[in-house]
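Everything below concerns the one structure shown next.
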Amino acid sequence: MDNATYVTLTRLSGLKREMQVIAHNIANTSTTGYRREGMVFSEFVVGGRGQDTSLSMALGNTRQTYQTQGELTQTNGNFDLAIEGDGFFQLETPQGLRLTRAGMFTPNAAGELVNMDGHLLLDAGGAPIFVPPDARSIVMSGDGTFSADGQPFAQVGLVQPVDPVSVTRAAGTLFVVDGDVEPVFQPRLRQGFLEGSNVDPMPEIARMIDVQRAYEQGQRLLEREDERIKNVIQTLGR
Amino acid sequence: MKALHIAATGMSAQQMRVDTISNNLANMSTSGYNARRAEFADLHYQQFARAGSINASDGTVLPTGIQLGLGVRPAAVSMQIQQGALAQTNGDLDIAIEGKGFLSVTLPDGQAAYTRDGALKRTGDGLIVNSEGFEVTPGIVIPNDARSISINADGEIYAYFTGQVQPQLLGQLTLTGFANEKGLEAIGSNLFLETEGSGPGFDAPPGTDGLGTVRQGYLEESSVDPVREMTELIKAQRGYELNSKVITAVDQMMGATTQVR
């Protein structure tokens, strides 16, 4: 049985996955509303033949999405909205309801607010937000109420998933919720700002170096193990 | 190793950001220019272990599963619609639009194009055209013997003649508004075309239907903020370097893999 090699192998393939996560985080340092992703390794114990022997392998089998606040950048755009604190914007997509933190919206040809991929932004009641075309100034208050020339016309609906674990990611900085969502209590929004990515490059680079060195360590171990087996074969086969 | 390709998507995204910034800085003095900004979104996710899949024979399920992202893509390069500062030029055919709306001109092929650049000129026949020589709607002609002209906030053009006290109304400029100005297609020379995304343009006199007013003797400056562009440039350059570091690290890991035996 060549357990040492197999254990190292699980570690190496896990590290390759972690490297992919780091590369993805770094590639998205400039993505509006992106959320940093982490990898969690867990021990995977395989029972051995005897009473006291068992073998533990490292398995990267869960991921973690960090929901810390990203930096706010001033853009002065009328429909550039940033969420302060908890909550997500609701988008209507052909695949159903999606959540996002990327608050860059624009009216479409019909005057409804959409995101950059053309998905409709929903208000607190779950309906699309129609912007009056003849409005001279559009102002949003801190709780997400839009008003045109002083007349309120819609309120942006912020929600959060009831079960935070039920959220998975989809392309386009979207999140898919498997369970129910609930409105956020006292939403806080800012007009004219966009929330950047919450990836901090420093820890990512540190993690990257860490992963790279750990990978090299694993490779050395494989090399030693190979030599050891070679020695065993040479010595015993003499 | 997918990390190589992921880092490559990151590098090309930052490259695109630098392209956008350099175009903004090059147009710092272009009248009526609106700054552009590159926006990004993450790419698809690979599902390794779906959240909720069964992890053990006793029915334990994975709470989060594994999803591995595949990098970044450019989502949009959008115009930052902003009123630029007004610079006084005192030119009688220099007009600035205060508020929403575009002047419309007729291209040589008969199509309408829209512009915020109000540095208008006149042809030898007295027709009002833009800097490129395209006729400004609705095709107002200034008589050769006009002493001076004046344009009021509503876009009405008056001409004064020698020996006459009362000015003569020559015509009124119209502005065109769009539901989604960001959806217009830029074709260079400060001109835009209507698209599906912008919605159909509606023509109205200045100061009505939510459109802005015009101001004679001023030009709208570029809305590019050099300080902001420089900080963006620094961020883009560092982002590029970070991604290239990932490529180096992955390369070394692959080197280590080949040295296992």
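The values are calculated or read from the model by the stated rules, or taken from the named source; none is laboratory data. The structure displayed is predicted, hence computed values, not measured ones. Glycine also receives a Cβ, built like all others from the backbone with ideal geometry; neighbour counts cover every protein chain displayed.
Just need a number here: residues in segment B:132-151 that are of a type outside the set (Asp, Glu), under 25 Å from residue B:87 (Cα atoms) and either in contact (Cβ under 8 Å) with a residue 24 or more places away in the chain or in a strand (DSSP E or B) (or both).
Residues flagged as of a type outside the set (Asp, Glu), under 25 Å from residue B:87 (Cα atoms) and either in contact (Cβ under 8 Å) with a residue 24 or more places away in the chain or in a strand (DSSP E or B) (or both) within segment B:132-151 amount to 10.
Being part of a loop (DSSP other than H, G, I, E, B), on the phi > 0 side of the Ramachandran plot and touching a residue at least 12 places away in the same chain (Cβ under 8 Å) narrows it down to one of A:142, A:77, A:85, so name that one.
A:85
How about segment B:61-82: which of its residues are at pLDDT 85 or above and either in a loop (DSSP other than H, G, I, E, B) or basic (Lys, Arg) (or both)?
Across segment B:61-82, the qualifying residues are B:70, B:71, B:73.
Can you list residue pairs whose Cβ atoms sit under 8 Å apart, with the first residue in segment B:161-183 being at positive phi and of a type outside the set (A, V, I, L, M) and the second being part of a strand (DSSP E or B) and surrounded by 14 or more Cβ atoms within 10 Å (Cβ to Cβ)? Count only pairs 6 or more apart in sequence or on different chains.
Hits for this filter: B:171/B:156; B:171/B:157.
Output the residues belonging to segment B:152-179 that are within 33 Å of the chain's Cα centre (by Cα) and either outside any strand (DSSP E or B) or within 14 Å of chain A (Cβ to nearest Cβ) (or both).
B:152, B:153, B:154, B:155, B:173, B:174, B:175, B:176, B:177, B:178, B:179
Which one of these is aromatic (Phe, Trp, Tyr) and more than 21 Å from residue A:158 (Cβ to Cβ): A:41, A:88, A:105?
Being aromatic (Phe, Trp, Tyr) and more than 21 Å from residue A:158 (Cβ to Cβ) holds for just one of A:41, A:88, A:105, which is A:41.
What do you reckon, is residue A:64 part of a strand (DSSP E or B) and under 12 Å from the mean Cα position of the chain (by Cα)?
So residue A:64 fits the description; yes.
Identify, by number, the condition in (1) surrounded by fewer than 21 Cβ atoms within 10 Å (Cβ to Cβ); (2) at the interface with another protein chain (Cβ under 9 Å from one of its Cβ atoms) that residue A:186 doesn't meet.
(2)
Are there any pairs with C-beta distances below 7 angstrom linking a residue in segment A:205-230 that is at the interface with chain B (Cβ under 7 Å from one of its Cβ atoms) to a residue that is small (Gly, Ala, Ser), with the two at least 6 apart or on different chains, and if so which?
A:208/B:249; A:212/B:249; A:215/B:256; A:216/B:256; A:219/B:256
Can you find, within segment A:3-52, the residue that is surrounded by the most Cβ atoms within 10 Å (Cβ to Cβ) among those that are facing another protein chain (nearest Cβ under 8 Å) and assigned to a loop (DSSP other than H, G, I, E, B)?
In this case the residue turns out to be A:28.
Can you confirm whether segment A:159-177 contains a residue that is in a strand (DSSP E or B) and more than 13 Å from every other protein chain (Cβ to nearest Cβ)?
Within segment A:159-177, one or more residues are in a strand (DSSP E or B) and more than 13 Å from every other protein chain (Cβ to nearest Cβ).
Can you pull out every residue in segment B:94-116 that is over 17 Å from residue B:213 (Cβ atoms) and either at pLDDT below 90 or in a loop (DSSP other than H, G, I, E, B) (or both)?
Answer for segment B:94-116, where residues must be over 17 Å from residue B:213 (Cβ atoms) and either at pLDDT below 90 or in a loop (DSSP other than H, G, I, E, B) (or both): B:107, B:108, B:109, B:110, B:111.
Scan segment B:233-261 for residues that are charged (D, E, K, R) and at the interface with another protein chain (Cβ under 9 Å from one of its Cβ atoms) and report the count.
4
In the list A:65, A:31, which residue meets the criterion of being modelled with pLDDT of 90 or more and either touching an Asp or Glu at 6+ places or on another chain (Cβ under 7 Å) or closer than 20 Å to residue B:10 by Cβ (or both)?
So the residue among A:65, A:31 that is modelled with pLDDT of 90 or more and either touching an Asp or Glu at 6+ places or on another chain (Cβ under 7 Å) or closer than 20 Å to residue B:10 by Cβ (or both) is A:31.
Looking at segment A:107-116 only, could you name the residues that are facing chain B (nearest Cβ under 7 Å) and closer than 17 Å to residue A:174 by Cβ?
A:116 - this is the single residue of segment A:107-116 that is facing chain B (nearest Cβ under 7 Å) and closer than 17 Å to residue A:174 by Cβ.
State yes or no: is residue B:192 at pLDDT below 90 and within 30 Å of residue A:105 (Cα to Cα)?
Considered against the rule, which asks whether it is at pLDDT below 90 and within 30 Å of residue A:105 (Cα to Cα), residue B:192 comes out as no.
Only one residue in B:113, B:87, B:119, B:96 is surrounded by fewer than 17 Cβ atoms within 10 Å (Cβ to Cβ) and within 24 Å of residue B:30 (Cα to Cα), so which one is that?
Just a single option satisfies the conditions, and that option is B:87.
Looking only at segment A:195-224, which residues are part of a helix (DSSP H, G or I), closer than 13 Å to residue A:27 by Cα and of a type outside the set (A, V, I, L, M)?
A:201, A:204
Being away from every other protein chain (no Cβ under 11 Å), surrounded by fewer than 20 Cβ atoms within 10 Å (Cβ to Cβ), over 15 Å from the mean Cα position of the chain (by Cα) and farther than 30 Å from residue B:224 by Cβ narrows it down to one residue among A:55, A:72, A:91, A:59; which is it?
Result: A:55 is the single residue among A:55, A:72, A:91, A:59 that is away from every other protein chain (no Cβ under 11 Å), surrounded by fewer than 20 Cβ atoms within 10 Å (Cβ to Cβ), over 15 Å from the mean Cα position of the chain (by Cα) and farther than 30 Å from residue B:224 by Cβ.
Which of the residues belonging to segment A:112-131 are crowded, with 16+ Cβ neighbours inside 10 Å and assigned to a loop (DSSP other than H, G, I, E, B)?
Result: A:115, A:116, A:117, A:119, A:124, A:129, A:131.
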